[in-house]
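Below is one structure, written out as structure tokens, with a few remarks after it.
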There are 2 protein chains.
Amino acid sequence: MEKYEKDGPVSYALGTQLVFTLLSERPELATKVYISPKQVRDETYAKLIALATEKKVPLIENNEKIFHALSGKDNVMTLAEFKKSLQILPKEGIHVVLVNPSNMGNLGTIIRSAAAFNVAGLAIITPAADIYDPKTIRSSMGAFFHVPFHLYASFADYQKEMGERAYYPFMLKASALVNETALQKPCSLIFGNEATGLPDSYLKVGMPLKIPQSSLVDSLNLDNAVSIALYAASI
Amino acid sequence: MEKYEKDGPVSYALGTQLVFTLLSERPELATKVYISPKQVRDETYAKLIALATEKKVPLIENNEKIFHALSGKDNVMTLAEFKKSLQILPKEGIHVVLVNPSNMGNLGTIIRSAAAFNVAGLAIITPAADIYDPKTIRSSMGAFFHVPFHLYASFADYQKEMGERAYYPFMLKASALVNETALQKPCSLIFGNEATGLPDSYLKVGMPLKIPQSSLVDSLNLDNAVSIALYAASI
């Protein structure tokens with residue numbers, strides 16, 4: 001039975017909307033489109049067939065097992081296999097840098113917010129939650145195919161590749177407030193792990209910032225903090 | 001076997017941190033504290049016993065079944081039962097109003113952000129995800145016991161109770177941008193359901209606002225949108 005493998009070369013876009021986004025935005029990555037035998041043969045189905053044919057992606061309509069293996073509780077009728085692929089991040093614009101993020105749902109939501117704020121690139125410092133996991137992709141609501149991303153073994157590797165730009169680590173120990181700081185561009189907004197945040201060593205990286213917040217909670221949820229920072233950098 | 005009931009009079013705080021927060025912030029609601037027979041009898045345990053005793057909350061140390069029934073996959077060693085209770089929302093300050101939110105995880109995260117930005121009250125228009133569900137409470141990371149909330153059968157009921165204040169429905173169809181608007185206080189930041197947003201009728205309520213975003217995604221995740229709006233209203 002086919003199933004998603006973290007160390008394998010392919011992943012899967014689950015659901016009609018994601019398959020359409022894959023075929024429209026990154027057709028060069030798509031290797032197979034599966035349509036469940038249970039899928040109603042309606043107008044959406046016809047459009048999907050037409051698009052897959054136009055993009056020369058093979059269509060498979062008689063493999064029901066793969067839907068059981070991949071879609072879990074969700075009632076998915078369409079899915080696509082695609083090649084995992086990293087992109088070179090542009091030196092311009094705003095980057096989001098996630099250092100050791102551990103939650104796939106957060107990662108998907110962050111990709112969604114990154115697309116909403118036209119982020120130029122997403123850098124993930126490993127070890128990290130699997131950005132290619134179908135659950136991450138699904139929680140990105142299609143944004144996965146819009147935001148260039150790359151994995152790095154260390155923050156030093158990322159910084160070496162990017163060179164001169166403004167680096168803003170978001171840390172509770174920072175003394176500067178994001179709302180009182182005029183953010184330079186290009187810049188990197190840097191966030192730590194959900195449970196532990198960034199290590200103190202990041203206090204020496206660029207200009208550490210914090211989001212103003214009460215003492216009633218330890219911190220904001222990671223995806224909420226990233227979204228606020230992106231908003232602050234965009235206005 | 002005891003388990004959480006949506007229509008019952010009590011709910012449960014799962015985990016040591018939440019139990020401490022309940023006993024410190026809302027001891028009048030706490031009815032029982034359960035400590036698992038497996039809990040190590042360490043310093044934290046001693047503090048918990050002392051606090052429960054001080055607050056006159058009965059301690060139960062020999063009921064292992066309730067941990068299986070309530071804690072699911074999480075390895076919880078301490079929990080507390082507490083009375084469900086609504087609070088009267090203050091007329092001052094910032095309110096978050098959620099119209100028919102459907103996701104318990106989002107609700108918990110929104111409560112966490114509401115506490116981070118010192119929100120004076122959270123109004124939930126039913127039908128809605130269960131704010132008392134132990135999963136909601138747990139995802140609020142303790143903020144559940146810091147943010148006053150109330151349930152309303154309709155937005156009209158809420159508005160009638162609150163009277164004169166600034167109402168800001170967040171809608172994709174709004175023409176005013178939140179970052180170009182000086183928000184008045186007291187105010188209500190109003191958000192619709194995760195999938196459907198607010199109905200068009202809210203275009204006639206107060207001053208509809210939108211968060212600037214690209215066309216690459218349909219919308220932001222609900223808790224991210226709420227967090228951005230709270231940040232915008234706080235700076």
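The values are calculated or read from the model by the stated rules, or taken from the named source; none is laboratory data. Only a predicted model underlies this, so the values are computations on that prediction, with no experimental measurement involved. Note that each Cβ is placed from the backbone with ideal geometry, even for glycine, and that neighbours are counted across all protein chains shown. Please note that ligands, DNA and RNA were not included when accessible areas were found on the heavy atoms of the full protein model with its side chains. Shrake-Rupley method; radii C 1.70, N 1.55, O 1.52, S 1.80 Å.
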* Asked: Could you say whether any residue in segment A:62-73 is exposed (fewer than 15 other Cβ atoms within 10 Å of the Cβ) and in contact with a helix residue (DSSP H, G or I) (Cβ under 9 Å, 6 or more places away or on another chain)?
  -> yes
* Asked: So which of B:TYR158, B:TYR202 is more than 30 Å from B:GLN17 (Cα to Cα), more than 19 Å from the chain's Cα centre (by Cα), modelled with pLDDT of 95 or more and not β-branched (Val, Ile, Thr)?
  -> B:TYR202
* Structure fact -> Counting only residues in segment A:205-217 that are facing chain B (nearest Cβ under 7 Å) and at pLDDT below 95, the one least open to solvent (accessible area, probe 1.4 Å) is identified as A:VAL217
* Restricting the first residue to segment B:11-39 and requiring it to be free of Cβ contacts under 8 Å to residues at least 40 places away in the same chain, which pairs with a second residue that is among the acidic types (Asp, Glu) and open to solvent by 20 Å² or more (accessible area, probe 1.4 Å) meet a Cβ separation below 6 Å and a spacing of at least six or different chains? -> B:PRO37/B:GLU64
* Asked: Of the residues that make up segment B:221-231, is at least one more than 17 Å from B:THR109 (Cβ to Cβ), part of a loop (DSSP other than H, G, I, E, B) and within 9 Å of chain A (Cβ to nearest Cβ)?
  -> no
* Asked: Exactly one of (1) within 9 Å of chain A (Cβ to nearest Cβ); (2) over 14 Å from A:TYR231 (Cβ atoms) is unmet by B:LYS160. Its number?
  -> (1)
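Filter segment A:136-166 down to residues that are over 17 Å from A:ILE88 (Cα atoms) and in contact with a Phe, Trp or Tyr (Cβ under 9 Å, 6 or more places away or on another chain), then give me how many there are. Before the answer, list the steps.
Going through segment A:136-166, the residues over 17 Å from A:ILE88 (Cα atoms) turn out to be A:136-143, A:166.
When the remaining residues are screened for being in contact with a Phe, Trp or Tyr (Cβ under 9 Å, 6 or more places away or on another chain), the result is A:136-138, A:142.
Total satisfying the criteria: 4.
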* Structure fact -> Residue set B:PHE117, B:PHE82; condition buried (at least 23 other Cβ atoms within 10 Å of the Cβ), within 14 Å of chain A (Cβ to nearest Cβ) and among the aromatic types (Phe, Trp, Tyr); output residue B:PHE117
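With respect to A:ALA128, determine if the residue is surrounded by 16 or more Cβ atoms within 10 Å (Cβ to Cβ), out of contact with any strand residue (DSSP E or B) (no Cβ under 6 Å at 6 or more places or on another chain) and in a loop (DSSP other than H, G, I, E, B).
Working: surrounded by 16 or more Cβ atoms within 10 Å (Cβ to Cβ): yes; out of contact with any strand residue (DSSP E or B) (no Cβ under 6 Å at 6 or more places or on another chain): yes; in a loop (DSSP other than H, G, I, E, B): yes.
Judged against the criteria, A:ALA128 is a match.
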* Is it fair to say A:SER102 is out of contact with any Leu (no Cβ under 7 Å at 6 or more places or on another chain), hydroxyl-bearing (Ser, Thr, Tyr) and part of a loop (DSSP other than H, G, I, E, B)? -> yes
* Scanning segment B:166-198 for residues that are farther than 22 Å from A:ILE235 by Cα and open to solvent by 70 Å² or more (accessible area, probe 1.4 Å), which turns out nearest to the other protein chains (Cβ to nearest Cβ)? -> B:ALA195
* To do: State the number of residues belonging to segment B:153-184 that are free of Cβ contacts under 8 Å to residues at least 40 places away in the same chain and in a loop (DSSP other than H, G, I, E, B).
  => 10
* If we keep just the residues of segment A:20-59 that are assigned to a strand (DSSP E or B) and touching a helix residue (DSSP H, G or I) at 6+ places or on another chain (Cβ under 8 Å), which is most open to solvent (accessible area, probe 1.4 Å)? -> A:LEU59
